[in-house]
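All remarks here apply to the structure that follows.
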């Protein structure tokens, strides 16, 4: 028989208070996070204990505060089902009892065949914690928590469970620190600045300006932008000369062009000028362009072997895994790319994904999941920070992506610096440990009111635990993620200083090799113009 904890004292919307009838220590289930059950007028109301406190005015001097989460309805044939929300509140005086194992299974084990297990309830290791894949991805999700809380391992676990069950998925993971290739050694296509092909002609006008126009006054930058728009449009038209195209060519039409043609057109325009002073913006663009072409770090944009041919379909196919060919995950390693253009590359990838989804046959377009690590870098709350085109591209995916089968996962250790608009589009929130009060406040705004009692534990959540709320779980829960084998963990663990400093394990050869690799990928600083 289930333990009786006490009786309902007050009912207040989504919460009740109940007397705690027994002495402290007599009941094993009197703990924050425990699930309880109260008989209602129709079914059984279930909730979680959010507080246990002394209250002199109560009959026993001690009360439970319970957040009401939903109702269990029993069928005549013996089955039962759970519905979120409470429409039939219990009456004062009703006994509050511990939820049975059958109740926990009814609430937390979904009937959906798409469900995946990622851990257990934090206070009961015998009760599995499931995510419902369709609901999780249909309305985006966010994984939030401080550095060291276990976000990378949690993400690896979620993706691994998804891909094990759905081997023909299409997932793109933006990896800013090269953490994930070792976590998915057999099922991921890892692309980086050495093997990625993003020809410069694929960048739209705004992205091209971000790459090529640097320094100078606003007036000088505007002058360069006008010139660049002219020469890019002319270069696209030059490449398409003689082709019978059913559309007109603009600066953003994804028609290839030769970088050599771009330089030639730039020289031609510059040669027609009457005044030498007017050539300054042309020279700035030409110098910057040639500097990038000669920089080995930018070879993924300017390698001659893919400069001209129209390989847009190949680029899209590789990124989106169409066809899958046994590797449903593309890991885009951004760590080796020049810092000043990483946001431009992210903008391009998001724009290409969205445009391809929009213009594909709706019935044949496979759903795609885009995972954006360190999302606050690309869609910050302060719109003055970062690259506006990147912000627009990701925000557009958040707002409209689901219409075209594109789901978004935002991963961030600083929710307070992440766009609130984009975060509000996420139907499921994974909240891991976070000590910053601003971050906690942001999370509290996107968690349902009835579950906010759990958020009091955010600052002290152990590593590997999370509070999960939203469409992707049957009910708001606090879970412990399963353990990952060490060989499958992403490279995000902090250095073991005390162990590493016990021996002198590095030498001059290691130092010289590091300097050589550093120098190989570097270039001389550009002279100011």
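Where a number appears in this text, it was derived from the coordinates with a stated rule and is not lab data. This is a predicted model, so every value here is computed, not measured. Virtual Cβ from ideal backbone geometry, glycine too; neighbours counted across all protein chains shown.
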Next item on the list: Mind sorting out which of (i) 1.07; (ii) 0.97; (iii) 1.02 is the real Rg/Rh (Cα atoms, Kirkwood Rh) computed from the coordinates?
Entry: (i)
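How far, in nm, would the chain grow between residue 226 and residue 392 when pulled straight, counting 0.36 nm per residue and subtracting the alpha carbon separation? Could the numbers behind the result be given before it?
Working: separation 166, 0.36 × 166 = 59.76 nm, distance 2.21 nm.
Residue separation times 0.36 nm, minus the Cα-Cα distance, leaves 57.5 nm.
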Next item on the list: Classify region 299-397 as rounded, prolate or oblate, taking a ≥ b ≥ c as the square roots of the eigenvalues of its Cα gyration tensor: rounded when a/c is under 1.5, otherwise prolate if a/b is larger than b/c and oblate if not.
Entry: oblate
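What per residue convex hull volume, in Å³, comes out for region 347-461 when only alpha-carbon positions are used?
So the per-residue hull volume is 99 Å³.
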Next item on the list: Report the label-to-label distance for residue 83 and residue 355 in nanometres (one decimal), using points 7 Å from each Cα along the Cα→Cβ vector.
Entry: 4.7 nm
Next item on the list: Can you quote the Å³ per residue value for the convex hull of the Cα atoms in region 101-259, rounded to an integer?
Entry: 224 Å³
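In the chain, what percentage of the DSSP-assigned beta bridges are antiparallel, given to the nearest 5?
That works out to approximately 65 percent antiparallel.
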Next item on the list: Would you calculate the separation in nanometres between label points at residue 403 and residue 240, each defined as 7 Å from the Cα along the Cα-to-beta-carbon direction?
Entry: 2.5 nm
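Rounded to the nearest 0.05, what FRET efficiency do residue 516 and residue 421 have when you use their Cβ-Cβ distance and R0 = 30 Å? The partial results should precede the final answer.
Working: r = 45 Å, r/R0 = 1.51.
Efficiency, from the Cβ-Cβ distance: 0.10.
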Next item on the list: Between residue 507 and residue 287, take the C-beta separation as r, use R0 = 60 Å, and let me know the FRET efficiency to the nearest 0.05.
Entry: 0.90
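Let's test the formula: R0 of 45 Å, r as the Cβ-Cβ distance of residue 499 and residue 314. What FRET efficiency results, to the nearest 0.05? List each step's numbers first, then the result.
Numbers: r = 45 Å, r/R0 = 1.01.
Efficiency, from the Cβ-Cβ distance: 0.50.
Of 180, 404, how do they rank once you tally other Cβ atoms within 10 Å and put the fewest first? Don't jump to the answer; show the numbers that get you there.
Details: 180 25, 404 19.
Least to most surrounded, the residues fall as 404, 180.
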Checklist line | At 1.306 mPa s and 10 °C, Stokes diffusion of region 142-235 via Kirkwood alpha-carbon radius, µm² per second | finding: 92 µm²/s
Next item on the list: Any chance you could tell me what percent of the C-alpha pair distances in region 4-108 go past 19 Å?
Entry: 38 percent
Next item on the list: List the residues of region 469-487 whose backbone N lies under 16 Å from a point placed 7 Å from the Cα of residue 109 along the Cα-to-Cβ direction.
Entry: 474-475
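Assign one of three labels to region 147-190, namely rounded, prolate or oblate, based on the Cα gyration tensor with a ≥ b ≥ c the square roots of its eigenvalues; rounded applies when a/c is under 1.5, prolate when it is not and a/b is larger than b/c, and oblate otherwise.
Details: a/c = 2.12, a/b = 1.39, b/c = 1.52.
Here region 147-190 falls in the oblate category.
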Checklist line | Computed lengthening from residue 294 to residue 165, 0.36 nm per intervening residue step minus Cα-Cα distance | finding: 41.9 nm
Item checked: Order by protection proxy (mean Cβ within 10 Å, highest first), peptides 204-215, 35-46, 381-392, 52-63 -> 35-46, 204-215, 381-392, 52-63
Checklist line | Relative frequency of Cα-Cα separations exceeding 22 Å in region 241-365, percent | finding: 53 percent
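Seen from all sides and averaged, what is the projected area of the convex hull of the Cα atoms in region 202-297, in nm²?
Values: hull surface 27.3 nm².
Average projection, Cα convex hull of region 202-297: 6.8 nm².
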